[in-house]
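Okay, so here's the structure we're looking at.
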Amino acid sequence: VGSGSMEVAGREMLRGEPVWHTVFRIKGGTFFYKVDDRMESWFTRDDLSTLRYIQDINEGSRDRTRTYEIFPERGVYVENENPETPTVENPLDDGSFIYFIRTTPLEVGKTYEYNRYFKPDRNPVRVQVLRKERVKVPAGEFDAIVVRPIIKARGVFSEDGQAELWFSDDERRIMLQMKSKLSFGSLNLYLKSYRPPTTASTETASP
């Protein structure tokens with residue numbers, strides 16, 4: 001009951017670093033329980049380390065916005081106006097982890113562990129490679145490889161969510177669809193269209 005979307009909003013400059021800016025949106029619910037969540041990530045283009053992560057969570061009576069400024073070069077992050085907290089080397093957030101997974105080898109039957117989630121106590125993040133299958137989405141029909149990322153935190157990739165991601169089984173690793181359980185029901189995302197990136201781009205600066 002609702003909708004979701006995931007997009008690369010653009011290429012930007014953040015603190016002098018070239019970054020990708022991505023947006024993940026979930027909106028829906030029932031008559032008694034509404035959800036309107038927005039998660040934004042800014043991560044470097046070389047090793048995908050997160051520099052900024054914003055969670056705007058509106059679920060039922062819970063309304064919360066958290067902004068994380070992450071400084072990989074100093075090994076710390078700042079949540080809202082709180083004191084600095086230690087982070088890990090090459091930190092990732094929920095959104096950037098999806099793009100990171102696309103760059104890794106994925107062998108069916110294996111489970112990979114990574115200690116790159118920006119909150120150290122939530123590590124390791126596990127990625128289970130479940131199977132290969134043919135899948136049909138609005139954008140077409142593809143050979144796919146199915147993975148399950150598990151983060152020790154609330155949200156789409158929590159253990160309770162049992163999320164599954166379908167990537168195209170080729171060098172592009174396009175995300176074809178995603179399914180996860182949420183507090184108000186289930187979330188299913190399907191690729192509607194795909195446009196390859198162009199060589200020319202416009203970059204905007206972000207403070």
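The values are calculated or read from the model by the stated rules, or taken from the named source; none is laboratory data. Because the structure is a prediction, the values reported are computed rather than measured. Ideal geometry is used to build each Cβ from the backbone, glycine not excepted, and the neighbour counts take in all protein chains shown. The accessibility values were calculated without ligands, DNA or RNA, using every heavy atom of the protein model including side chains. Shrake-Rupley method; radii C 1.70, N 1.55, O 1.52, S 1.80 Å.
Laid out as a table, the results:
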item	result
Condition check for T67: open to solvent by less than 50 Å² (accessible area, probe 1.4 Å), without any contact (Cβ under 8 Å) to a residue 60 or more places away in the chain, in a loop (DSSP other than H, G, I, E, B) and polar (S, T, N, Q)	no
Residue satisfying all of: in the range 3-48; of a type in the set (V, I, T) and either touching a Ser or Thr at 6+ places or on another chain (Cβ under 7 Å) or at pLDDT 80 or above (or both); farthest from S193 (Cα to Cα) among these	T44
Pick from the range 176-189, criterion within 15 Å of V137 (Cα to Cα) and open to solvent by 40 Å² or more (accessible area, probe 1.4 Å), ranking: modelled with the highest pLDDT	K179
Residue list for the range 80-97, restricted to those being open to solvent by 40 Å² or more (accessible area, probe 1.4 Å) and part of a strand (DSSP E or B)	T85, P86
